[in-house]
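Since every read-out is calculated from the coordinates, none of them should be taken as a lab result. All figures in this text were calculated on a predicted structure; none of them were measured in a lab. Positions of Cβ are generated from backbone atoms using ideal geometry, with glycine treated the same way; all protein chains shown enter the neighbour counts.
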Amino acid sequence: MRPDILIPVIALAASPVMAQEPCGDMPAETTEIAEARLIIEYNHTDGDIGVHGYGDDDGWSELCLFDPSGALVLHVAPRAQLGELGLGSFFFESREPPEEVWDYAALKAAFPEGDYPVRAKLHDGTGRRGIARFTTLVPQPPVITAPALVEDEDEEAPIVPLADLEVTWEPVTASLDDRTPEITGYELIVTDEEYEDPDGFSKPELEVHLGPAATGFTVPAAFLRPDTLYEVEVLALEASGNQTIALGFFATDN
């Protein structure tokens with residue numbers, strides 16, 4: 001494994017020089033952080049895998065994440081006016097190199113399973129502690145059975161009717177390493193690939209969370225436009241938060 005593809009440390013700070021060790025002056029008395037997560041997302045169709053993280057509390061000014069050995073893997077420290085205001089929540093995604101240079105085995109070797117401690121200091125000087133529990137149990141990808149799809153948006157996409165379009169998939173019963181996942185649900189995302197809004201968030205997207213027994217969903221005809229390319233994604237969601245994506249493209253008829 002080449003060292004340039006490893007993702008061992010993420011550090012975010014406006015100032016290039018830290019006056020002290022990251023999170024080195026945390027208050028002695030702390031309470032539980034509101035939320036801390038560290039998960040794996042595997043995109044089977046695109047052939048990439050990475051780590052996602054999320055943290056949340058009431059206006060913190062510094063946050064650190066450590067791996068099970070105690071090594072610092074993430075330090076977030078806003079500065080100047082943003083530091084005084086404090087952050088309420090944040091989300092990050094690691095880089096996701098193609099599988100030929102960074103695959104599931106490489107991720108498992110770099111990110112051991114276990115408890116990843118979180119320490120944070122709030123804008124008022126109070127402290128927070130928590131644990132992001134991390135596992136490498138990743139679901140196998142859902143197999144989308146309908147509609148007919150292509151995996152590349154530049155290919156000629158199959159044409160589907162606007163009415164009664166049902167997206168269906170097979171239930172996921174295994175993980176990438178042959179363990180038995182606890183599937184807590186599925187997520188369906190249908191996105192209009194031709195709508196343009198480069199600086200905003202108005203791109204039409206249908207996102208539905210369904211229970212673990214779901215194997216299909218009918219897309220409302222009112223959501224779809226005629227003669228338009230759409231991306232459909234089905235995500236298998238595991239109890240750990242880890243998730244696996246299968247996707248493809250279709251086009252609507254006139």
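Annotation: the residues K108, K203, K121, sorted from fewest to most other C-beta atoms within 10 Å of their own C-beta, follow the order K203, K108, K121. For the stretch 121-180, the alpha carbon positions stretch 58, 34, 25 Å along the principal axes, listed from largest to smallest. Here's how it looks for V150: its modeled amide H is under 5 Å from those of F249, which are all 5 or more places away or on a different chain. Ranked by how many other Cβ atoms sit within 10 Å of their own Cβ, fewest first, the residues F111, F91 fall in the order F91, F111.
Extension gain, S202 to R133: 0.36 nm times the residue separation minus the Cα-Cα distance gives 21.4 nm. Give me log10 I(q)/I(0) at q = 0.09, 0.11, 0.17, 0.19 Å⁻¹ for the stretch 3-134, Debye formula, one equal scatterer per alpha-carbon, no solvent. So the normalised log intensities work out to -0.28, -0.41, -0.90, -1.08. Shown here is the pair-distance distribution of the chain: with all Cα-Cα distances grouped in 10 Å bins from zero up to the longest one, the shares run 7, 25, 28, 24, 13, 3, 0 percent. Per the Debye formula on identical point scatterers at the alpha carbon atoms of the stretch 141-254, with no solvent, log10 I(q)/I(0) at q = 0.11, 0.18, 0.19, 0.20 Å⁻¹ is -0.37, -0.90, -0.98, -1.06. Dipole of the stretch 21-80 computed with +1 at Lys/Arg Cβ and -1 at Asp/Glu Cβ about the Cα centre; of T45, H75, L63, farthest Cα towards the positive end is T45. Note: relative contact order over the stretch 71-141, using C-alpha pairs below 8 Å and six or more positions apart, is 24 percent. Each principal axis of the Cα cloud of the stretch 189-238 was taken in turn, and the coordinate range along them, longest first, works out to 35, 24, 14 Å.
Counting every other Cβ atom within 10 Å of each residue's Cβ, I189, I49 order from fewest to most as I189, I49.
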